[in-house]
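For reference, the structure discussed in these notes is given below.
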Amino acid sequence: MTLSIRSFNLGPLQTNAYLLQGDDPQRAVIIDPGMNPGPLLRAIESLTIEAILLTHAHFDHIGGVEEIRNAKGCPVYLHALEQDWLTSPKLNGSLMWPEASPPISTEPAEYDLAEGQQLNLIGHTFKVFHTPGHSPGSVSFLCGKDLFSGDVLFRQGVGRTDLTGGRERDLYDSIQNKLFPLGDDVTVYPGHGPKTSIGYEKAHNPYIR
């Protein structure tokens, strides 16, 4: 089964939103629809969106949730620890950077995510890994050999831990004990910046060598 992955660089913080399609090109999943989602909305105009999957609920990752959910009638999935963040501009951080974002608030997510969960969407299985540290409810999604890591692991970088609920020890535990064991050949699609691989980060990431 094929998985088509398109990336959209959205909003002032250049957040990566991902549009995933399986063998049926008319059905898709979106991961982390960021702010100013116009390009993404145009790309999905004729598509059925089965779900919006959120790696976490910081404002730059949820800015397009309501526009897309209202346009497509699709459910939103988010870890239970951050359900309140969607409705709270204080928790999701949009009050902290008024120069980057107006206060953002959305309706609650329809479904909770949890460690070990498997979601069957667009003919593929998405495995959920709870990977806290950047935020308490951060998750990563594994589909085959493709990993969507949110703001946990970047190319030669890691997520910041100085925001609400962040914890450095948890972040490194998530990377070393949950993501690195997935295999060197796993491709990593992060929340910001270029894609990478588990093998490359094991060898070259200066923060977690």
Check your understanding: Out of all the residues in the stretch 67-112, which are open to solvent by 90 Å² or more (accessible area, probe 1.4 Å), in a helix (DSSP H, G or I) and closer than 14 Å to Thr164 by Cβ?
Key -> Leu81, Asp84, Lys90
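Here is a yes/no grid of residues against (1) hydroxyl-bearing (Ser, Thr, Tyr); (2) open to solvent by 70 Å² or more (accessible area, probe 1.4 Å); (3) in contact with a His (Cβ under 9 Å, 6 or more places away or on another chain):
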site: Ser149; (1), (2), (3): yes, no, no
site: Leu153; (1), (2), (3): no, no, no
site: Arg169; (1), (2), (3): no, yes, no
site: Ser174; (1), (2), (3): yes, no, yes
site: Pro181; (1), (2), (3): no, yes, no
site: Asp184; (1), (2), (3): no, yes, no
site: Ile208; (1), (2), (3): no, no, no
Point to revise | Index of the failed condition, His58 passing every other in (1) at pLDDT 95 or above; (2) at positive phi | key: (2)
Practice item. Return yes when Leu53 is in contact with a Gly (Cβ under 7 Å, 6 or more places away or on another chain), closer than 12 Å to Ile122 by Cβ and either open to solvent by 20 Å² or more (accessible area, probe 1.4 Å) or not acidic (Asp, Glu) (or both) and no when it is not. Key: no
Practice item. Would you tally the residues in the stretch 113-127 being without any contact (Cβ under 8 Å) to a residue 40 or more places away in the chain and assigned to a loop (DSSP other than H, G, I, E, B)? Key: 4
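Let's see how each residue does on (1) at pLDDT 95 or above; (2) of a type in the set (D, E, K, R); (3) under 17 Å from the mean Cα position of the chain (by Cα):
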residue: Trp85; (1), (2), (3): yes, no, yes
residue: Trp97; (1), (2), (3): no, no, no
residue: Ser101; (1), (2), (3): no, no, no
residue: Tyr111; (1), (2), (3): yes, no, yes
residue: Glu115; (1), (2), (3): yes, yes, yes
residue: Leu119; (1), (2), (3): yes, no, yes
residue: Thr125; (1), (2), (3): yes, no, yes
residue: Ser138; (1), (2), (3): yes, no, yes
Revision key, fill the gap. By residue number, the members of the stretch 150-199 that are at positive phi and out of contact with any Lys or Arg (no Cβ under 6 Å at 6 or more places or on another chain) are Gly150, Gln156, Gly165, Gly183
Exercise for review: Hey, can you tell me all the residues within the stretch 154-176 that are assigned to a strand (DSSP E or B) and either in contact with a strand residue (DSSP E or B) (Cβ under 6 Å, 6 or more places away or on another chain) or farther than 28 Å from Arg6 by Cα (or both)?
Suggested key: Phe154
Review point. Does the stretch 188-198 contain any residue that is surrounded by fewer than 17 Cβ atoms within 10 Å (Cβ to Cβ) and over 15 Å from the mean Cα position of the chain (by Cα)?
Key: no
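The values are calculated or read from the model by the stated rules, or taken from the named source; none is laboratory data. A quick note: this is a predicted structure, and the numbers were derived from the prediction, not measured. Cβ sites come from the backbone with ideal geometry, for glycine too, and all protein chains shown count toward neighbours. These area figures cover heavy atoms from the full protein model, side chains too; ligands, DNA and RNA do not enter into them. Shrake-Rupley method; radii C 1.70, N 1.55, O 1.52, S 1.80 Å.
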